[in-house]
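Participant: Mind having a look at this structure? Questions to follow.
The values are calculated or read from the model by the stated rules, or taken from the named source; none is laboratory data. As the structure is a computational prediction, the values presented were derived from the model and not from experiment. With ideal geometry, Cβ positions are generated from the backbone for all residues, glycine too; neighbour counts draw on all protein chains shown.
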Amino acid sequence: MPNSVPADAVFTVSNLTFVLRETLEANFAGLTLEGEISNYRPNASGHLYFTLKDEGASISAVMFRGNAYKLNFVPKDGMKVRATGSITVYAPRGQYQIVINKMEIAGAGNILQVLEERKQRLAAEGLFNHDRKKPIPFYSQRIGIVTSPTGAALRDILQITRRRNPGVDVVILPALVQGEGAAVTIANMVKTANDFNLCDVLIVGRGGGSLEDLLPFSEEIVVRSIADSKIPVVSAVGHEIDWSLADYAADMRAPTPSAAAELVVPKQSDLLQELSGYKNELYTQISSKVERLKLMIKSFDVNNMEIRFRSIQQPLLNRLENARENLLSGINDKIKDTRNFIQQSVSILEGASPQTILNRGYSMVRTPEGKIVRSQQDVSSGTKLQIYPASGMISATVD
């Protein structure tokens, strides 16, 4: 476009708009604006329409669905953002606007507000519940580290691991720890460690940085990957005063990456000292038990065995002898009682015997037919009778 427009030049509205659009699009591509969102109007198709403003001016903005889908926060009126895009002119209205390709939160206050809202939403799902926490292994043979492969955090962890216990294996899972795409790579590395069971415990973190630098560790995709991890996770993001949502989802939070290494890697010297203490305690207990067994065995020598046997046998023999005497006494008493009973029965039977009665002077009278005469009505004159005294028989006739 010429630097100056001839005074007699006449433009149509469309021509002027076309010239202005070419000028703006050619000179303001890849522009980054910082401002406050207002008049936010999400479209049903997924496009976002709003205004960016500050104290002195405002500009219309649009973010189309493909880029809006990549946002890791929900825009709101009053939120301060940093937007990158290109300036263009919307010809039907003759209005210039910015078409945004990428947008992030700007300003600590807005970031903290978004993080708090996200924290409450994820907490309501139970992702931070204590009963989800897994215990950190006392001794891990292999630890995994999700962090930048070139960062100071990794160097600190490796140095402390080698110093505390060189026998522990380390698996490095390299990831971006800030900037675009960082959250996705962190979540993917956590998932990879679980899919292939690469370690016994997982350290996820990075060194210190600004609030914006630590944002990937508060992204929802990272928080969910840590909460879903079957491998225990130690979160080690930034310095002691720094916090991220990953700290709430992890099974343990370490104030720094170095502290995380000290938590998951016990000192070899401490382990050896503890094992030595266990060994001495075990040796003492075994020695004490052996001495007690020796004393017990000594009491069973040849000289003491007979005495111990007699001391066991004699009460049993006494009990046997007492039982035998009681049995014999019981049998004798039973025999005596039985004999007396028999004698009494014999006396009773003898007293009731007909012969005994006849011996007293009585006689039995009966007819030749064998009928016993009990009354004078049983006989008549001339009846033959047989009389049986105690001995012999007398024949008689009734007169």
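Participant: Restricting the search to the range 261-295, which residues are hydrophobic (A, V, I, L, M, F, W, C), within 23 Å of Gly167 (Cα to Cα) and out of contact with any Lys or Arg (no Cβ under 9 Å at 6 or more places or on another chain)?
Facilitator: Matches in the range 261-295: Leu263, Val264, Leu271, Leu272, Leu275.
Participant: If Val99 satisfies all but one of (1) over 17 Å from Val223 (Cα atoms); (2) β-branched (Val, Ile, Thr); (3) touching a residue at least 40 places away in the same chain (Cβ under 8 Å), what's the number of the condition it fails?
Facilitator: Of the numbered conditions (1) over 17 Å from Val223 (Cα atoms); (2) β-branched (Val, Ile, Thr); (3) touching a residue at least 40 places away in the same chain (Cβ under 8 Å), the odd one out for Val99 is (3).
Participant: Need a quick list: helices (runs of 4 or more DSSP H) entirely within the range 209-315 having at least 1 residues that are modelled with pLDDT under 95, out of contact with any Leu (no Cβ under 9 Å at 6 or more places or on another chain) and surrounded by 10 or more Cβ atoms within 10 Å (Cβ to Cβ).
Facilitator: Those helices (runs of 4 or more DSSP H) span 257-264, 268-298.
Participant: Could I ask something else about it? Have a look at Leu154, Leu176 and point out the one that is assigned by TED's automatic domain parsing to the domain that holds Ser218 and either of a type in the set (Ser, Thr, Tyr) or part of a loop (DSSP other than H, G, I, E, B) (or both).
Facilitator: Answer to the selection: Leu176.
Participant: State the number of residues belonging to the range 84-139 that are surrounded by fewer than 14 Cβ atoms within 10 Å (Cβ to Cβ), among the hydrophobic types (A, V, I, L, M, F, W, C) and out of contact with any helix residue (DSSP H, G or I) (no Cβ under 7 Å at 6 or more places or on another chain).
Facilitator: Final tally of qualifying residues: 4.
Participant: Are any of the residues in the range 198-208 farther than 12 Å from Val222 by Cα, touching a residue at least 24 places away in the same chain (Cβ under 8 Å) and surrounded by fewer than 16 Cβ atoms within 10 Å (Cβ to Cβ)?
Facilitator: no
Participant: Of everything in the range 30-50, what is surrounded by 12 or more Cβ atoms within 10 Å (Cβ to Cβ) and either of a type in the set (Phe, Trp, Tyr) or farther than 14 Å from Ala83 by Cβ (or both)? Give them in sequence order.
Facilitator: Hits for the range 30-50 are Asn39, Tyr40, Pro42, Asn43, Gly46, His47, Tyr49, Phe50.
Participant: Additional query: Based on what the data block shows, is Lys76 touching a Gly at 6+ places or on another chain (Cβ under 7 Å) and not assigned by TED's automatic domain parsing to the domain that holds Glu219?
Facilitator: Criteria not met by Lys76.
Participant: Then there's this: Regarding the range 318-341, can at least one residue be identified that is under 60 Å from the mean Cα position of the chain (by Cα), of a type in the set (Asp, Glu) and part of a helix (DSSP H, G or I)?
Facilitator: No.
Participant: Step by step: first the residues of the range 157-172, then only those that are part of a helix (DSSP H, G or I) and crowded, with 17+ Cβ neighbours inside 10 Å, then the one that is modelled with the lowest pLDDT. Which residue is that?
Facilitator: Filtering first and then ranking leaves Arg164.
Yes or no, residue by residue, for (1) among the hydrophobic types (A, V, I, L, M, F, W, C); (2) farther than 30 Å from Ala187 by Cβ; (3) over 31 Å from the mean Cα position of the chain (by Cα):
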{"site": "Phe217", "(1), (2), (3)": "yes, no, no"}
{"site": "Glu220", "(1), (2), (3)": "no, no, no"}
{"site": "Val223", "(1), (2), (3)": "yes, no, no"}
{"site": "Ser235", "(1), (2), (3)": "no, no, no"}
{"site": "Tyr248", "(1), (2), (3)": "no, no, no"}
{"site": "Pro255", "(1), (2), (3)": "no, no, no"}
{"site": "Tyr278", "(1), (2), (3)": "no, yes, no"}
{"site": "Leu295", "(1), (2), (3)": "yes, yes, yes"}
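Participant: Of the conditions (1) buried (at least 23 other Cβ atoms within 10 Å of the Cβ); (2) within 30 Å of the chain's Cα centre (by Cα), Ala175 clears all except one; give me its number.
Facilitator: (2) is the only condition that Ala175 fails.
Participant: On to the next question. Examine the range 70-77 for a residue that is modelled with pLDDT of 90 or more, touching a helix residue (DSSP H, G or I) at 6+ places or on another chain (Cβ under 6 Å) and either at negative phi or crowded, with 18+ Cβ neighbours inside 10 Å (or both), and state whether such a residue exists.
Facilitator: There is no residue in the range 70-77 that is modelled with pLDDT of 90 or more, touching a helix residue (DSSP H, G or I) at 6+ places or on another chain (Cβ under 6 Å) and either at negative phi or crowded, with 18+ Cβ neighbours inside 10 Å (or both).
Participant: If I filter the range 12-20 for residues that are outside any loop (DSSP other than H, G, I, E, B), of a type outside the set (S, T, N, Q), touching a Gly at 6+ places or on another chain (Cβ under 8 Å) and modelled with pLDDT under 90, do I get at least one hit?
Facilitator: Checked the range 12-20: at least one residue is outside any loop (DSSP other than H, G, I, E, B), of a type outside the set (S, T, N, Q), touching a Gly at 6+ places or on another chain (Cβ under 8 Å) and modelled with pLDDT under 90.
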